[in-house]
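Got a structure here, written out as structure tokens. Questions coming.
The values are calculated or read from the model by the stated rules, or taken from the named source; none is laboratory data. Just so we're clear, the structure is a prediction, and the values are computed from it rather than from any experiment. Here the Cβ positions follow ideal geometry from the backbone for every residue, glycine too, while neighbour counts run over all protein chains shown.
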Amino acid sequence: MDIFRKLEAAAKRKKKTIILPESYDPRVIEAAKVILKKKLAKLILIDTGRNIRLPESDDLDIIDIEFSVQFAKEYKRLRSKKIKGFTLADAEKALNDPLLFACMLLKNKYADAVVAGSVYSTGNVLRSAMQTVGLSKGNKTVSSFFLMSFPKAHKMAGRVFAYGDCGVLPNPDAEQLSDIAIQTSLNFKKLTGIKPRTAFLSFSTKGSAKDASTEKVIRAMHITRRRMPGLICDGEMQFDSAFVPAIARRKDPNGKIKGDANVFIFPDLNAGNIAYKITERIGGAVATGPIVQGLALPVMDLSRGCNTNDIVNMSIIASLY
């Protein structure tokens, strides 16, 4: 059974309520049809005055954007902490945005998660989430990871990996890189049930080259070991050392990762974003993400290049948080 069949089964058992605010996007409508037909989740869509054509279902609610006014006082209070002179009229106007309205619905427990980003940028999705639901307790870093899986006919079929961070933080420092590693490793275990083996990637393996960026990666690895001693992690290392056992034996014979890593932590967003797109477009992987982590409640981001299946998969992921 591939990873998404397992996740689908788990989502059906939980039957969470997911808000899809971009109800004017045909891809979202098609995804909603699939989700409702398979009974993967209950759905809330935001009606912005455009015709939403979906079959009636006990698992579907369509909420008019005009009802966003009920949250204006609360949103004014939240934003007044950051913006001097932010008025009730400002709040009412801002809440005409379906994404922001969706996040306020989530904050007030009308739903369990929001999935957006087919139209909105990552910046818009994260900004709306942080202005409303905020960060998880004790956490300072919002980041993301991609779950990389492979179709049935692929030679890697049945294997699944996590890539972090590929969508949020451009240049994390060592502390943030450690946060990314810990969050990604925990979420990989939560979603797949597989014990994480976490590689801190670089262009160097154990001192084969030296640079400020490699030193950052080494610091992040040591911070992570102190903070989460039970996690199998190592670095700095090149991808081939992390992934190919024969190369690991040559380059890093005493390392904790024996060419068997399943969680890959990239030193910056350039590396992570490039790597996941190459793995997807040339390597033939299914890239699900960016799966946002570090928020108090699940607000999941989509790539604007997503397809219907990507939206369905991200809704399944959101159901399991």
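Taking the stated definitions as given, is ALA111 within 30 Å of SER23 (Cβ to Cβ), among the small types (Gly, Ala, Ser) and over 12 Å from the mean Cα position of the chain (by Cα)?
yes
Hey, could you check region 191-202 for residues that are buried (at least 21 other Cβ atoms within 10 Å of the Cβ) and polar (S, T, N, Q) and say which is nearest to ASN262 (Cα to Cα)?
The selected residue is THR198.
So, of the residues in region 271-311 that are at positive phi and in a loop (DSSP other than H, G, I, E, B), which turns out to be nearest to the chain's Cα centre (by Cα)?
Step by step, filter region 271-311, then rank; the result is GLY294.
Looking only at region 64-79, count every residue that is surrounded by 15 or more Cβ atoms within 10 Å (Cβ to Cβ), free of Cβ contacts under 8 Å to residues at least 40 places away in the same chain and over 28 Å from ILE52 (Cβ atoms) and tell me the total.
Of the residues in region 64-79, 1 are surrounded by 15 or more Cβ atoms within 10 Å (Cβ to Cβ), free of Cβ contacts under 8 Å to residues at least 40 places away in the same chain and over 28 Å from ILE52 (Cβ atoms).
Taking region 117-145, which residues are small (Gly, Ala, Ser) and outside any helix (DSSP H, G or I)?
Correct list: GLY117, SER118, SER121, GLY134, SER136, GLY138, SER143, SER144.
Which pairs do you get when a residue that is over 13 Å from PHE243 (Cα atoms), found in region 190-205, comes within reach of a residue that is among the hydroxyl-bearing types (Ser, Thr, Tyr) and buried (at least 24 other Cβ atoms within 10 Å of the Cβ), reach meaning Cβ atoms under 7 angstrom, with the pair 6+ apart or on two chains?
PRO196/SER185
Specify the residue that is farthest from ASP179 (Cα to Cα); the eligible residues are those in region 280-294 that are touching a Phe, Trp or Tyr at 6+ places or on another chain (Cβ under 8 Å) and buried (at least 21 other Cβ atoms within 10 Å of the Cβ).
ALA285
So which of VAL142, VAL119, VAL125, VAL160 is touching a Ser or Thr at 6+ places or on another chain (Cβ under 7 Å) and among the β-branched types (Val, Ile, Thr)?
The match here is VAL160.
Follow-up question, since we're still on this one. Before we move on, is GLU22 of a type in the set (D, E, K, R), surrounded by 18 or more Cβ atoms within 10 Å (Cβ to Cβ) and under 22 Å from ALA287 (Cβ atoms)?
Taking the combined requirement at face value, the residue satisfies it.
Against the definition (at pLDDT 95 or above and of a type outside the set (Val, Ile, Thr)), how does ALA275 come out, yes or no?
yes
Let me ask another. Criterion first (buried (at least 17 other Cβ atoms within 10 Å of the Cβ) and in a strand (DSSP E or B)) does VAL114 satisfy it?
Spelling it out, VAL114 is indeed buried (at least 17 other Cβ atoms within 10 Å of the Cβ) and in a strand (DSSP E or B).
Now a separate question. Suppose we filter ASP179, ASP165 for residues that are more than 15 Å from GLY283 (Cβ to Cβ), in contact with a Lys or Arg (Cβ under 8 Å, 6 or more places away or on another chain) and touching a residue at least 12 places away in the same chain (Cβ under 8 Å); which single one remains?
Result of the check over ASP179, ASP165: ASP179.
Quick one: which residue in LYS155, LYS107 is at pLDDT below 90 and surrounded by fewer than 24 Cβ atoms within 10 Å (Cβ to Cβ)?
Result of the check over LYS155, LYS107: LYS155.
I'm checking my understanding of the structure. Among residues of region 134-144 that are touching a residue at least 24 places away in the same chain (Cβ under 8 Å) and out of contact with any Pro (no Cβ under 9 Å at 6 or more places or on another chain), which one is surrounded by the fewest Cβ atoms within 10 Å (Cβ to Cβ)?
Among them, the one singled out is LYS137.
Which count do you get for residues in region 49-108 that are part of a loop (DSSP other than H, G, I, E, B) and of a type outside the set (Ser, Thr, Tyr)?
Of the residues in that region, 20 qualify.
Please work out if ASN171 is modelled with pLDDT of 90 or more, in a loop (DSSP other than H, G, I, E, B) and over 21 Å from the mean Cα position of the chain (by Cα).
Judged against the criteria, ASN171 is not a match.
Here is a list of conditions, (1) under 25 Å from the mean Cα position of the chain (by Cα); (2) surrounded by fewer than 18 Cβ atoms within 10 Å (Cβ to Cβ); (3) in a helix (DSSP H, G or I), and ALA181 meets all of them except one; can you say which number that is?
(2)
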